[in-house]
1. I need every pair where a residue in region 411-431 that is over 18 Å from Asn214 (Cβ atoms) has its Cβ under 7 Å from the Cβ of a residue that is open to solvent by 70 Å² or more (accessible area, probe 1.4 Å) and modelled with pLDDT under 95, sequence separation at least 6 or different chains.
2. Being out of contact with any Cys (no Cβ under 6 Å at 6 or more places or on another chain), farther than 26 Å from Thr418 by Cα, modelled with pLDDT of 90 or more and not basic (Lys, Arg): is that true of Ile267 here?
3. Would it be correct to say that Pro124 is closer than 23 Å to Leu425 by Cα and in contact (Cβ under 8 Å) with a residue 24 or more places away in the chain?
4. Which residues, taken from region 279-327, are over 21 Å from the mean Cα position of the chain (by Cα) and of a type in the set (Gly, Ala, Ser)?
5. For Leu154, are the conditions met, namely being open to solvent by less than 30 Å² (accessible area, probe 1.4 Å), closer than 21 Å to Ile170 by Cβ, in a strand (DSSP E or B) and of a type in the set (A, V, I, L, M)?
6. Tell me yes or no: at least one residue of region 184-201 is in contact with a Lys or Arg (Cβ under 8 Å, 6 or more places away or on another chain) and outside any helix (DSSP H, G or I).
7. Return the residues of region 1-44 that are open to solvent by less than 70 Å² (accessible area, probe 1.4 Å), over 14 Å from Thr189 (Cα atoms) and modelled with pLDDT of 60 or more; say none if nothing qualifies.
8. Quick one: which strands (runs of 3 or more DSSP E) sit completely within region 225-283 and have at least 2 residues that are open to solvent by less than 60 Å² (accessible area, probe 1.4 Å) and not aliphatic (A, V, I, L, M)?
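The values are calculated or read from the model by the stated rules, or taken from the named source; none is laboratory data. If you're wondering where the values come from, they're calculated on a predicted model, not measured in any experiment. Glycine gets a Cβ as well: all are built from the backbone with ideal geometry, and neighbour counts include every protein chain shown. Ligands, DNA and RNA are excluded from the accessible area calculation, which covers all protein heavy atoms including side chains. Shrake-Rupley method; radii C 1.70, N 1.55, O 1.52, S 1.80 Å.
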Amino acid sequence: MTDDLMKSSGSRDAGNSTHADEQRLYPKVRFRGFDEPWKKVKLEEISERVNGNDNRFNLPVLTISAKTGWMTQEDRFSGDISGKQKKNYTLLHKGELSYNHGNSKVAKYGAVFSLQNYSEALIPHVYHSFKIIKETTPVFIENFFKKKDVNKQLRKYISSSARMDGLLNISYSDFMKVHLFISQKISETKQIDKIFEILNSLLSLQQRKLELENQLKQFNLQNLFSDEQRLYPKVRFRGFDEPWKKVKLGRNVKRIRRKNKNLETNIPLTISAQFGLVDQRDFFGRVVASENLANYILLKRGEFAYNKSYSKEAPYGSIKRLEKYNEGALSTLYIAFTPENINSDFLKAFFDTTKWYSHIVQVSTEGARNHGLLNISPQDFFEMSITIPKSDEQNNISRIYNLMNSLLSLQQQDINTTQQLKQFLLQNLFI
């Protein structure tokens, strides 16, 4: 693939391009055999609006996720939310595009996707939908909008007045004023499309491999740990045949009450079910903690915290260990503790299973949930029953757990590398 690419500066004598405007008409990286300047066009010059439908309402009903693209409403919202509005939905055909002008962490100024995996679908009429009629391809346009540079243009057209539906206030006519640079050769455009088709397929396969490795990890953990009903795990290391011992969590950990009273740390922490204990500024893009961190819990590296907030990924909250920072400040809504007389990695692995869920179910009820939090007292939490083996077996399980995490980390690094390559090509194959 890379053999067919070359720096555009290498294909022209630098002395032949003396004006900045002329330089901007050439991408930094090109396929061999293409040296013509690109041209600047407005979106309205190469597209037509798509709206309305033909009264067929048994088609897939889709929505745009800025992170993953087109999804069925069933998958995104656990149900079809179109309701009576479906009669106003837009009928989109394969290859046509929509701009979801909703603000999100992933796409601050909205996201554009072309329909590729469905021949037809119904999509919200509030999206700005259009089709390409000449000179380029829908995949090229979709990839163009993945470049962050276009945000400068979108920001210029977005009104500051708020919309009740949560969408950015940008009209279809203003959206069509966005300008872009396109190749004069459709063959060059299609080669660029092919590059990203290959990269997207690779990312999809890498992501699927990561999901399967995660499933394997969960399967192994569920079988390496015993529970209250069964004091013998399903899978054991050779040489271990004694029953595990049933104990109270509170007998093997110590609750942390220390406060950040001297402002030892200025890192406000939150718990993510996926990423663990992380800085709120990295996770939310802002601080959601109180301005005064002095009354927060001072958590140190290696200590645990329980976030009682529930979500689809963590229906009974999340219990994570601080690993990214030496210290951090944590809201007193969390329950913090440190291991005593138990292998810390073993405890971390246990909380990565679902075997502690049953206790949370027993001490909380749906009716007790308040403002997204499970209503569980520290006393009830530390009454949790856990089963533990002797230290040698704890150590073996910890080693297996850490090995599985290392393999997952390597797989995530592969994904990150491919994503970085994709971003590089987005910035250099396009103008």
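1. What qualifies is Asn428/Lys28; Ile431/Arg24.
2. Details: out of contact with any Cys (no Cβ under 6 Å at 6 or more places or on another chain): yes; farther than 26 Å from Thr418 by Cα: yes; modelled with pLDDT of 90 or more: yes; not basic (Lys, Arg): yes.
Against the criterion (out of contact with any Cys (no Cβ under 6 Å at 6 or more places or on another chain), farther than 26 Å from Thr418 by Cα, modelled with pLDDT of 90 or more and not basic (Lys, Arg)), Ile267 qualifies.
3. Working: closer than 23 Å to Leu425 by Cα: no; in contact (Cβ under 8 Å) with a residue 24 or more places away in the chain: yes.
Considered against the rule, which asks whether it is closer than 23 Å to Leu425 by Cα and in contact (Cβ under 8 Å) with a residue 24 or more places away in the chain, Pro124 comes out as no.
4. Matches in region 279-327: Ala289, Ser290, Ala294, Gly302, Ala305.
5. Values: open to solvent by less than 30 Å² (accessible area, probe 1.4 Å): yes; closer than 21 Å to Ile170 by Cβ: yes; in a strand (DSSP E or B): no; of a type in the set (A, V, I, L, M): yes.
No, not satisfied.
6. Yes, there is a match, as at least one residue in region 184-201 is in contact with a Lys or Arg (Cβ under 8 Å, 6 or more places away or on another chain) and outside any helix (DSSP H, G or I).
7. Of everything in region 1-44, those that are open to solvent by less than 70 Å² (accessible area, probe 1.4 Å), over 14 Å from Thr189 (Cα atoms) and modelled with pLDDT of 60 or more turn out to be Leu25, Val41, Leu43.
8. Working: elements: 245-248, 253-255, 269-272, 276-279.
Here the list reads 269-272, 276-279.
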